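Below you'll find the structure, written out as structure tokens, and then a few comments.
Where a number appears in this text, it was derived from the coordinates with a stated rule and is not lab data. None of these values were measured; they are calculated from a predicted model. We place every Cβ from the backbone using ideal geometry, glycine too, and count neighbours over all the protein chains shown.
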Amino acid sequence: MSAQPDAFEAALQRARVHAMEWLASVPARPVGPSRTADELRAGFAAPLPEQPTDPAEVIDELARLAEPGLMAMPSGRFFGWVIGGTLPAALAADWLVSAWDQNAGMRFASPAVAAAEEAAAGWLLDLLRLPPRSDVGFTTGGTTANFVGLAAGRQAVLDRVGWDLAGLGLSGAPRIRVFAGAERHDVIDLVLRYLGLGAPILVDADEQGRIRPDALAAAMDDGAVPVGPAIVCLQAGNLHSGAFDPMADAIAVAHDRGAWVHVDGAFGLWAAVSRRYREALAGLELADSWATDGHKTLNVPYDCGMAIVARPDVVRAAFGVHTSYLITDSSGPGDPFDKVPELSRRARGVTVWAALRSLGRAGTIALVERLADRAAELAAGIARIPGALVLNEVVFTQVSVSFGDDERTRRVTTALLNGGVAWMSGSRWHGRDVLRISVSNWSTDADDVALSLAALERAVASVDAAGATAGSTAGATAGSTAGNSGTGPAN
């Protein structure tokens, strides 16, 4: 007999109570966790009970054990690591996805979630102004979305030279040259390692991290590098500056030389929805594949990425599988498992449908532009703090700041994080330590900006005060020592 609703009711009610308590705490709680994983492990790792425990009690215990170790990532003052919050409709849809418990791999087995994901994919292509017949696969995140795009590229360029990748593998295959900007995200290197393609050939970038098309042409034409299949990786949204590679020029260089072009747009691809960025992203639609995250700029729950490939035949050749027990979609949109490296997966695209349905076109554009506006406001406020220097042109949602030498920048960052009001992560860019701000949360408003700037000002003041105290103490100690030795000024 199927489980009855009352088997779930008490546990779900407790989960709802704890979820609402957590959400209510986010605006006022310190952003950082109060306990470390090592400190929390003992509570979670108690001996496994010999007998079952009531599900509602388990949920209460889980919430109690976890609470001190939760980072307030949904806070409007969390600016670390390009992590977004969660829109209300997306969060509620995610709860339904868990309750429905659908394996989203096959259209035949889960038609409702397949239809929702296909609709979301269509909206996505429309908003981003990408080729309407592209395949969209819903992945675990940006890493796997890049994996899908580059795997499709690997398939396409080897097909072009007549190499049977499925039958022969990579052993003995023509070498694929992969070109990427010097300031690409390291996930590109990681994915190339997964795919057995080795390290990319790095191409010079400008001061904002944008690949130089002339340098790309020179690298691809370099006679010292054997000519053969090639992939070019471009970037929509530099990790530190937010800048976009010059798409039209770089894609023309790559396509003129027969290369597949992949765009890593984990957070920055969403800029394409706004007219503000049409010039900066001109030619974006001419690439062959694109990768982006849902849990960054779009603000859907973890985990969710989107892999977009202009040629469905190529991505399905790379990931599709046909067996006697799977009821497959041999024509039309294809099965979800044809587009990602998973046969079984959560219906993560449903949250994208809910987010876009709740925002609409105007709301999606407003979300993207609001994030960029908040970044500009933070940069303007930081520029007024003595000793602070904004290092990048603030063109999208990223701000990189130095507070002088590396030691002072690190101390300001530590003081800010210890204060608990805002979270901004440290990084290193152009040979110097920086405080990096990524504005990614839909709820960040003018008050959050003001509170975060005030917290940063306090952090700078505390570092300067500590430095002055240390200097005074050192001076007094030196004076005392000099006086005692008879070589210093008289006391």
Order of C233, C304 from fewest to most other C-beta atoms within 10 Å? C304, C233
With the label point 7 Å along the Cα-to-beta-carbon line of Q4 and a cut-off under 19 Å to each amide N, the hits in segment 52-78 are 54-56
Could you sort 85-93, 235-243, 53-61 so that the peptide with the highest average Cβ count within 10 Å comes first and the rest follow in order? 235-243, 85-93, 53-61
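Using a Förster radius of 41 Å, what is the FRET efficiency between I327 and F44 based on their Cβ-Cβ separation? Nearest 0.05, please. Each step should come with its number before you reach the end.
Details: r = 41 Å, r/R0 = 0.99.
With R0 = 41 Å, the Cβ-Cβ based efficiency is 0.50.
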How far is the Cα center of segment 154-206 from the Cα center of segment 13-45, in Å? 42
For V434, what residues show an amide H to amide H distance below 5 Å, using hydrogens built from the backbone and excluding near sequence neighbours? S427, R428, W429
Label-point separation in nm, R370 to R410, each point 7 Å along Cα→Cβ: 3.8
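What does the net charge come to around P312 if you take all other residues with beta carbon closer than 10 Å to its beta carbon, with K and R at +1 and D and E at -1?
Working: positive: R133, R311, R316, K339; negative: D135, D313, D338.
Summing Lys/Arg as +1 and Asp/Glu as -1 gives +1.
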Using the 10 angstrom Cβ neighbour count as an exposure proxy, how do D293, D6 rank, fewest first? D6, D293
Exposure proxy check on M71, M20, M106, M306: fewest-to-most Cβ neighbours within 10 Å is M20, M71, M106, M306
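With runs of 4+ DSSP H residues as the only contributors, calculate the mean residue ellipticity of the chain at 222 nm using -39,500 (n - 2.57) per run, divided by the residue total and rounded to the nearest 500.
Values: 14 runs with 218 residues, N = 491.
When only DSSP H runs of four or more count, the value is -14500 deg cm²/dmol.
If I require 30 Å or longer along the helix axis, counting alpha carbons, and a Kyte-Doolittle average no lower than 1.6, what helices from the chain are left? Use full DSSP H segments. Could you put the intermediate results ahead of the total?
Numbers: long enough: 349-383 (41 Å, 0.73); 446-485 (58 Å, 0.46).
Qualifying helices: none.
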Each label sits 7 Å from Cα toward the beta-carbon; between V161 and A66 the label points are separated, in nm, by 4.8
Which of the following values of semi-axes √(5λ) of the Cα gyration tensor in Å was calculated from the structure shown: [x] 35, 29, 22; [y] 38, 33, 21; [z] 42, 34, 21? [z]
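Once fully extended, how much extra length lies between R278 and R257, figured as 0.36 nm per residue of separation less the alpha-carbon to alpha-carbon distance?
Numbers: separation 21, 0.36 × 21 = 7.56 nm, distance 2.57 nm.
Once the chain is fully extended between R278 and R257, it gains 5.0 nm.
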By how many nm would the segment from W95 to D464 grow when fully extended, if each residue of separation counts as 0.36 nm and the alpha-carbon distance is taken off? 128.1 nm
Under a 5 Å amide H to amide H cut-off, with H placed in plane at 1.01 Å, what residues pair with F179 once short-range neighbours are removed? I201, I231, V232, C233
